[in-house]
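Below is one structure; the comments refer to it alone.
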Amino acid sequence: MLDCQAEAAANAANNPDAPQGELKRKRPKILGISEHIRIAEAKREQQNGPDSWAVRKFAVGVVIAVYFYSYYVFVVRVCVKMVRMEGDRLGNRSQGIVYLVIYHLLFTLFVWSYTKAILTSPGFARDFVPQSDPPPEEAELVQVEGYRFEHLPPRAHTSREDLVADGIVSGGSQQRQAPVDEEKDEDEELREQEERRAREEVGVEDDFAETRPSAGAFGPAVANIAASGIRPSAHTSAPSTDDAVSATHSTSGTTAVSSPDTFPVSYPPKTHAKRSTSPPLPRQSQESAAPSYLNFPQPPDDYEPVKPRTLVDRVPPRVPVLTEDYRYDSREGFLRPYRSHRCKHCATVVLKMDHHCPWVGTCVGARNYKYFYNFLQSSTLYTLFVFLTLLIANTRPLHLPSRSRPTIDAQQVAIIAIAGFFFLFTGSLFTAHTRLMLLNMTTIEEIGMNRIKSRERSALNRVHGFWGWRAKRQTVAEWNQQWGRLGREGNLWWLGSKRANWEMVMGQRKLGWFVPIPASPTPDDGLSYVPNPRFSKEGYWRERKEWPVELR
């Protein structure tokens with residue numbers, strides 16, 4: 001027997017209760033890339049403070065280095081050679097002078113706007129909002145309907161034992177299940193599914209700011225893809241009624257009908273007396289003001305019969321985004337202003353947070369959003385000019401008077417590639433944020449809107465099929481007639497027109513639309529926003545019939 005076998009047998013004899021697997025040597029576990037990413041994300045979620053200064057400002061240094069390198073290549077290696085009329089020039093002297101003038105105008109505008117974007121704070125709520133106590137918790141009231149409970153006042157939601165003790169619900173073996181139809185209509189089932197999906201959308205915007213706020217730096221489209229994997233967390237969910245309690249207690253809006261036998265009898269039992277030949281006396285009501293169920297009121301003049309419902313209904317999210325309970329930040333101890341969110345990388349609440357942008361080293365919020373947009377304008381024009389001029393100059397035919405030597409500069413080729421890439425990147429961001437500004441929406445708010453659109457597309461495909469384009473358009477038109485359009489009437493911060501939305505951020509002075517100067521007459525402070533009157537005071541999207549009369 002070998003020595004290792006003898007040692008293993010001796011260890012097994014000394015420890016008979018130990019499993020055989022522990023006696024074997026454990027192989028070292030090699031972590032894969034996905035495991036490293038998961039561990040890194042878990043560590044980031046556990047951190048309470050902001051990211052380090054070097055991490056937040058690293059991309060800013062990269063941008064500055066790239067743009068100053070492009071300055072060296074374009075000015076020194078292209079335009080100066082044209083002005084000096086050197087042998088390997090790519091154009092004549094007048095062309096070089098024109099290039100220098102236009103280039104320095106665009107470069108100055110870019111440096112100016114980028115400096116304003118990185119040095120202007122987005123606006124942190126802790127600097128403007130005072131500390132406050134948490135709002136008092138409101139007791140959830142259960143209103144019981146039925147002919148036996150017409151005059152019962154609303155009461156706080158209690159346990160079933162309390163209801164049995166008060167005589168509202170019978171206990172023990174006398175309790176019976178409410179009769180529920182086994183076969184539900186197809187439209188009711190679809191409506192329940194849509195309501196369930198709508199409840200799952202609670203806190204999507206706040207969860208995005210807490211988990212992947214920097215994904216918005218690559219545009220709203222990438223942010224929507226990143227947010228598709230976010231699950232709503234428990235601390236941001238809105239209060240909802242428990243399904244079991246809703247089935248037990250008959251409330252307004254529930255579909256189950258409670259049987260009268262479920263409740264205790266509140267009138268005296270019948271006696272076995274001899275039947276009287278005289279007509280029975282009319283029963284006296286306990287309440288003199290009790291309404292009669294036989295006297296139906298006449299409908300008003302503007303009464304319209306209820307239209308038949310479509311196979312699937314629009315179910316807006318039931319998220320009370322305007323309530324104090326929803327907006328209170330327990331970590332910092334104050335009430336968040338409208339449209340503000342807590343950024344994970346900055347570890348604080350940002351006013352009108354759009355996204356965390358590593359290219360400017362901070363969040364893009366209410367007070368630097370205009371300068372960020374001016375930066376996108378200038379960088380798009382700058383990269384387009386550099387890309388086109390260098391590309392045309394290097395692709396001109398050889399042996400021309402303005403190009404005597406057939407040489408190609410590798411650094412110019414590198415700048416052509418870099419300028420083309422940054423033009424596509426900044427141009428797409430510029431287009432996306434122009435659209436968001438005209439709608440008065442942020443990247444985070446658009447994520448919630450796209451969730452609604454995606455849910456509605458799935459519902460329409462289930463009902464009408466993928467190829468039922470006409471039926472789907474007709475259904476959407478009926479929804480818009482009932483609720484309004486998504487992004488317009490269905491936008492909580494829609495101001496009524498695209499011009500009003502634009503001027504709220506960029507101001508009324510047209511020079512400020514293109515130059516990084518403060519908006520005039522009043523810049524966006526991130527504290528004063530007027531909700532859309534088509535929404536309730538809690539932030540629920542209401543039907544058209546509930547809007548103010550002048551907006552219907």
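Coordinate-derived values only; no laboratory data. The shown structure was predicted, so the numbers you read here are calculated from the model rather than taken from an experiment. Every residue, glycine as well, gets a Cβ built from its backbone with ideal geometry; the counts of neighbours run over all protein chains shown.
Brief remarks on what is shown
- Dimensionless Rg/Rh of the stretch 47-118 - Kirkwood Rh, Rg from C-alpha atoms: 1.22
- Order of 446, 456, 478, 137 - criterion: other Cβ atoms within 10 Å of each residue's Cβ, fewest first: 137, 478, 456, 446
- A Förster distance of 22 Å, applied to the separation of the beta-carbon atoms of residue 59 and residue 414, puts the FRET efficiency at 0.65.
- Based on the reciprocal of the average 1/r between different C-alpha atoms, the Kirkwood radius for the stretch 463-523 equals 14.4 Å.
- In the stretch 400-470, one over the average inverse separation of all distinct C-alpha pairs is 16.9 Å, which is the Kirkwood hydrodynamic radius.
- Cut-off under 5 Å, modelled amide H: who pairs with residue 362 long-range: 357
- 342, 544 arranged by Cβ crowding within 10 Å, fewest neighbours leading: 544, 342
- Globularity index of the stretch 408-524 is 1.51 (Cα radius of gyration / 2.2 N^0.38 Å, N = number of residues).
- Pairs from the list 453/498; 116/498; 57/537; 116/344; 57/81; 453/545 with a Cα-Cα gap above 32 Å: 57/537; 57/81.
- Length gained on full extension, residue 421 to residue 488: 20.8 nm, using 0.36 nm per residue less the C-alpha separation.
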